[in-house]
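Encoded as structure tokens, the structure appears first; notes follow it.
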Amino acid sequence: MQVPFLNLRAQHDPLRPALLNAFEQVLESSAFAGGKFVEQFEHEFAEFCHVSHAIGVGNGTDALWFALLALGVGPGDEVITTAATFMATAEAITVAGATPVFVDIDEDSYTMDPAQVESAITPRTRAIIPVHLYGRMADVDRIAAIARRHNLAVVEDACQAHGAVDQGRPAGSIGDAAAFSFYPGKNLGALGEAGAVTTRRSDVAARIRQLRDHGQVARYRHASIGWNGRMDGIQAAALRLKLPNLSRWNEARRRHAEAYERLLSDCEHVVTPRAPGQGCSSHHLYVLRLNGRDRVLDAMGRRGVTCGLHYPVPVHLQPAYSQLGYKRGALPVTENLCDTCLSLPLFPELTTEQVEYTATALKASIAECGVRPFVAVA
Ligand SMILES: *Cc1c(COP(=O)(O)O)cnc(C)c1O
């Protein structure tokens, strides 16, 4: 049996006639860059996230960058975030002119440890970016309480968390602003690049609308320096079609994650993801921890199962950030996660047989590699 890490064809094939019809409508109207399809999608996505504003942009990295700029982050500032994330979280901070300051993650949730935030705050700190890693929401309430005491902004990196909910509140509805990515492999994926910022704040929304469109307030009237960061009409039309399916897709991801959990419950060699206490994850990725990760990854490949690594190198140890001076050992929980993580295939269209085959292949691979049982660092 072959189990791919992702199968976008399986998701798009049933939607093909509807997608082609949507492209016809975009062609008819020529609303290619911004325009009515983007406006309609913004309206629907804002409603989905329980916020008053969603602003469609070119990708998730732009969404993070624009959110920081709109909240006044700039040169000389520091922004606190985690290093267990995709590079873009920190990159946006750097491109905004500020400096990322990394704190460690919680051993259970793999999201920002709120207990470490306070001691990372300096007079230069302007904002905090918690990352809803793998689809599980960070403890935004505790982080927001700290932010309020120190007058800091909170930007949720919700690029993996479309549809995640914490105590009734969707990802993207809690911070001052949140960034979403619609990269094709995300829970809600475009057919190319796209992203969005969500916010309850009208001032932030207005600022981002300017930033994504060259600082324009009226045609050829530029009130500020912005950028070309618009969402395009074809992507918005596709996203509008896909959004009504998102809850059902996330539900299918949850079922597969629960099946993995059940099938691996007798396997002392792995740590499976902890279920969130008060909320529901978007189940973007199913990430285990185990010893001998690289050998098991290869052995899984030989059994026809493609696994992933999210992420093999923590951001603070990337060569691109050597000037920040972080050394190995600075963020032990993050580093251990990066050394031991293995992502099993998790997408809505997986079959029960594929999930069962993957779990069986994992146990066989672990036995073949003679892996030691996993013991947590902390
Ligand atoms: C995907 C992702 C991004 C970047 O989104 P793009 O649309 O690829 O620019 C940022 N942060 C996280 C956590 C992501 O997973």
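Which ³J(HN,Hα) values in Hz, rounded to whole numbers, follow from the phi angles of the range 82-90 under the Karplus curve 6.51 cos²θ - 1.76 cosθ + 1.60, where θ = phi - 60° and Gly and Pro get x?
Values per residue, Gly and Pro as x: 10, 9, 8, 6, 6, 3, 4, 4, 6 Hz.
Any idea how far apart residue 118 and residue 40 come out in nm if each label point goes 7 Å out from Cα toward Cβ?
5.0
Can you work out the FRET efficiency for the pair residue 202 and residue 261, with r the C-beta to C-beta distance and R0 = 35 Å, to the nearest 0.05?
Values: r = 42 Å, r/R0 = 1.20.
Rounded to the nearest 0.05, the efficiency is 0.25.
Which of the trypsin sites (Lys or Arg not before Pro) found in the range 94-186 are loop residues per DSSP with 13 or fewer other Cβ atoms within 10 Å of their Cβ?
On the way: sites: 124, 126, 136, 142, 148, 149, 186; in loops: 124, 136, 186.
Of the trypsin sites (Lys or Arg not before Pro), the ones in loops of the range 94-186 whose Cβ has at most 13 other Cβ atoms within 10 Å are 124.
For residue 352 and residue 327 in one chain, what is 0.36 nm times their gap in residues minus the Cα-Cα distance, to one decimal in nm?
Details: separation 25, 0.36 × 25 = 9.00 nm, distance 4.32 nm.
Roughly 4.7 nm would be gained on extension.
Which length gain, in nm to one decimal place, applies between residue 363 and residue 375 when the Cα-Cα distance is subtracted from 0.36 nm times their residue separation?
Numbers: separation 12, 0.36 × 12 = 4.32 nm, distance 1.74 nm.
Extra length from residue 363 to residue 375 when fully extended: 2.6 nm.
Contour minus end-to-end for residue 227 and residue 107, with contour as 0.36 nm per residue of separation and end-to-end as the Cα-Cα distance? Write down the numbers at each step before the final one.
Numbers: separation 120, 0.36 × 120 = 43.20 nm, distance 3.85 nm.
Separation in residues times 0.36 nm, less the Cα-Cα distance, equals 39.3 nm.
With θ set to phi - 60° and the Karplus curve 6.51 cos²θ - 1.76 cosθ + 1.60, what are the ³J(HN,Hα) couplings of the range 323-336 in order, to the nearest whole Hz, using x for Gly and Pro?
Taking θ as phi minus 60°, the curve returns 5, 6, x, 6, 10, 4, x, 5, 10, x, 5, 4, 5, 5 Hz for the range 323-336.
Once R0 is set to 45 Å, what does the formula 1/(1 + (r/R0)^6) return for the Cβ-Cβ distance between residue 30 and residue 298, expressed as a FRET efficiency to the nearest 0.05? It would help to have the intermediate numbers written out before the result.
Values: r = 50 Å, r/R0 = 1.10.
Efficiency computed from Cβ-Cβ geometry: 0.35.
Report the far tail of the P(r) of the range 159-254, meaning the percent of Cα-Cα pairs longer than 15 Å. Mind dumping the intermediate values first?
Details: 3029 of 4560 pairs.
When every Cα pair of the range 159-254 is considered, 66 percent fall beyond 15 Å.
Can you list residues from other chains, or at least 5 along the same chain, whose modelled amide H is less than 5 Å from the amide H of residue 270?
Here 374 satisfy the definition.
Would you calculate the convex hull of the Cα atoms in the chain and tell me its volume per residue in Å³? Mind showing how you got there, number by number?
Details: hull volume 50.4 nm³, N = 378.
About 133 Å³ per residue, rounded to a whole number.
Can you put 234, 128 in order, fewest other beta carbons within 10 Å first? Provide the component values of the computation, followed by the final result.
Values: 234 21, 128 29.
With the fewest neighbours first, 234, 128 line up as 234, 128.
Below 8 Å, C-alpha to C-alpha, sequence gap of six or more: please give me the relative contact order for the chain in percent.
Values: 808 pairs, mean separation 81.6, N = 378.
Once divided by the residue count of the chain, the mean separation gives 22 percent.
Would you order 284, 222 from fewest to most other beta-carbon atoms within 10 Å of each residue's own beta-carbon?
On the way: 284 26, 222 13.
By the 10 Å Cβ count, ascending, the order reads 222, 284.
For the range 278-378, compute Rh as the Kirkwood radius over C-alpha pairs and then the Stokes-Einstein diffusion coefficient at 10 °C and 1.306 mPa s; write the answer in µm²/s, rounded to an integer. Kindly include the intermediate steps, with their values, before the conclusion.
Working: Rh = 15.2 Å.
Estimated diffusion coefficient is 105 µm²/s.
Report, ordered by chain and residue number, the lysines lying within cross-link reach of residue 242, taken as a straight Cα distance under 21 Å and ignoring same-chain residues fewer than 8 apart.
Within the straight-line cut-off, residue 242 pairs with 36, 186.
Write down the percent of antiparallel bridges among all DSSP beta bridges whose residues are both part of the chain, to the nearest 5. Before the final figure, lay out the partial values.
Details: 26 of 42 bridges.
Beta bridges within the chain, antiparallel portion: roughly 60 percent.
Apply the Karplus curve 6.51 cos²θ - 1.76 cosθ + 1.60, θ = phi - 60°, to the phi angles in the range 298-306 and return the couplings in whole Hz, x for Gly and Pro.
The phi angles translate into 5, 5, 5, x, 5, 8, x, 10, 8 Hz.
Identify which of 105, 121, 129 has the largest mean-square fluctuation in a Gaussian network model of the chain, with springs joining Cα atoms closer than 10 Å.
Ranking 105, 121, 129 by mean-square fluctuation puts 121 first.
How long are the semi-axes of the equivalent ellipsoid of the range 219-332, defined as square roots of 5 times the Cα gyration tensor eigenvalues? Whole Å, largest first. Could the numbers behind the result be given before it?
Details: eigenvalues 245, 142, 46 Å².
So the three semi-axes of the range 219-332 are 35, 27, 15 Å.
We did not get these values from a lab; they are worked out from the coordinates using the rules stated. What you see is a predicted model, and the numbers here were worked out from it, not measured in a lab. Please note: Cβ atoms are built from the backbone with ideal geometry, for glycine as well, and neighbour counts cover all protein chains shown.
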